[in-house]
Ligand code: SF4
Ligand code: SF4
């Protein structure tokens, strides 16, 4: 089962949920893979101290023009939907950072003057941490083309029974790339007006993708109850609440996860998994739950 942990904005506790869920389910005997798809700012590794076994470069093809063959006709610039290639005064300029590697310019060049070269956009590291498999992508500085790197991170998890994806924050194309093919999305938020605002946007995104989802409230106890009211009115299941607790921050400061110092939290993560496993007809760990509704739960 693929579960994506997402949020409408950064700093809500998405990584807290992803890492603690991974460890809790590993302790129940499942083969778990955690994928850090927040390739612009991966931070799961800070909390789980992984040992990496392999690291590989990720490249994308970009066009290069043979000026001996080029006639300066401008067809390549005409077909490029991303303004990544321009013809000026008989010269062809390629803007690698804008190129989406669609191959259109190469296909339409009447002189067959365009070929492709590989351009490195980042690396993927793969290893283990706390008994589960762990993969992260790291985008090169200044690079904007995140989807190919996220795809490569996702490719590493085929062996696992439960795959947990820590998505980038927000609702951009890199989040959509992460969420696609997921069986379930958990939207993490904080019980504040800002949290609610970003949650509403994230809910719209997941509904458009037609993937079952629920909400988790982190730092429960701060702020107000507007997130709870919203979920109730919208029929969205609220499947996980993590109370504001100083011990969670203290655990992180010494490289531990919350469930390692607060064992009572582990059950919450297991119950959450059981709820969605039951609903999606995948074998759970024990117990059942009918809390998921169609509007939020699929
Ligand atoms: S389409 Fe080919 S021949 Fe025409 S300008 Fe582009 S590279 Fe040159
Ligand atoms: S490969 Fe596609 S995106 Fe890149 S320059 Fe050519 S047409 Fe534009």
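The values are calculated or read from the model by the stated rules, or taken from the named source; none is laboratory data. All values reported here derive from a predicted model rather than from experimental measurement. All Cβ positions, even for glycine, are placed from backbone atoms using ideal geometry, and neighbour counts span all protein chains on display.
Side notes on the structure shown:
- Matching entry among 35, 25, 21 (being touching a helix residue (DSSP H, G or I) at 6+ places or on another chain (Cβ under 9 Å), within 26 Å of residue 210 (Cβ to Cβ) and not assigned by TED's automatic domain parsing to the domain that holds residue 213): 35
- Verdict on residue 251 being modelled with pLDDT under 90, touching a helix residue (DSSP H, G or I) at 6+ places or on another chain (Cβ under 7 Å) and not in a loop (DSSP other than H, G, I, E, B): yes
- Among the residues of the range 85-98, those identified as within 12 Å of ligand 1 (Cβ to nearest atom) and assigned to a loop (DSSP other than H, G, I, E, B) are 89, 90.
- Selection over the range 194-235 of residues that are outside any helix (DSSP H, G or I), modelled with pLDDT of 90 or more and over 21 Å from the mean Cα position of the chain (by Cα) gives a count of 1.
- Scanning the range 109-133 for residues that are within 25 Å of the chain's Cα centre (by Cα) and either in a loop (DSSP other than H, G, I, E, B) or within 16 Å of ligand 1 (Cβ to nearest atom) (or both) yields 130, 131.
The rows are residues; the columns are (1) outside any loop (DSSP other than H, G, I, E, B); (2) within 16 Å of ligand 1 (Cβ to nearest atom); (3) assigned by TED's automatic domain parsing to the domain that holds residue 73; (4) crowded, with 17+ Cβ neighbours inside 10 Å.
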| site | (1), (2), (3), (4) |
| --- | --- |
| 100 | no, no, yes, no |
| 107 | yes, yes, yes, no |
| 136 | yes, no, no, yes |
| 141 | no, no, no, no |
| 144 | no, no, no, no |
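- Of the candidates 154, 130, the single residue that is on the phi > 0 side of the Ramachandran plot, away from ligand 2 (no atom under 16 Å from the Cβ) and buried (at least 17 other Cβ atoms within 10 Å of the Cβ) is 130.
- The range 1-21, residues that are farther than 15 Å from residue 184 by Cβ, within 15 Å of the chain's Cα centre (by Cα) and outside any loop (DSSP other than H, G, I, E, B): 15, 16, 19
- Any hit, the range 40-62, residues being within 15 Å of ligand 1 (Cβ to nearest atom) and surrounded by 18 or more Cβ atoms within 10 Å (Cβ to Cβ): yes
- Just one of (1) in a strand (DSSP E or B); (2) within 16 Å of ligand 2 (Cβ to nearest atom); (3) over 20 Å from residue 139 (Cα atoms) fails for residue 33. It is (2).
Yes or no, residue by residue, for (1) in the same structural domain as residue 255 (by TED's automatic domain parsing); (2) free of Cβ contacts under 8 Å to residues at least 40 places away in the same chain; (3) within 25 Å of residue 141 (Cα to Cα); (4) out of contact with any strand residue (DSSP E or B) (no Cβ under 6 Å at 6 or more places or on another chain):
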residue	(1), (2), (3), (4)
43	no, yes, yes, yes
47	no, no, yes, yes
73	no, yes, no, yes
86	no, yes, yes, no
92	no, yes, no, no
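- Counting the residues of the range 215-241 that are in contact (Cβ under 8 Å) with a residue 60 or more places away in the chain, touching a helix residue (DSSP H, G or I) at 6+ places or on another chain (Cβ under 7 Å) and under 20 Å from residue 194 (Cβ atoms) gives 6.
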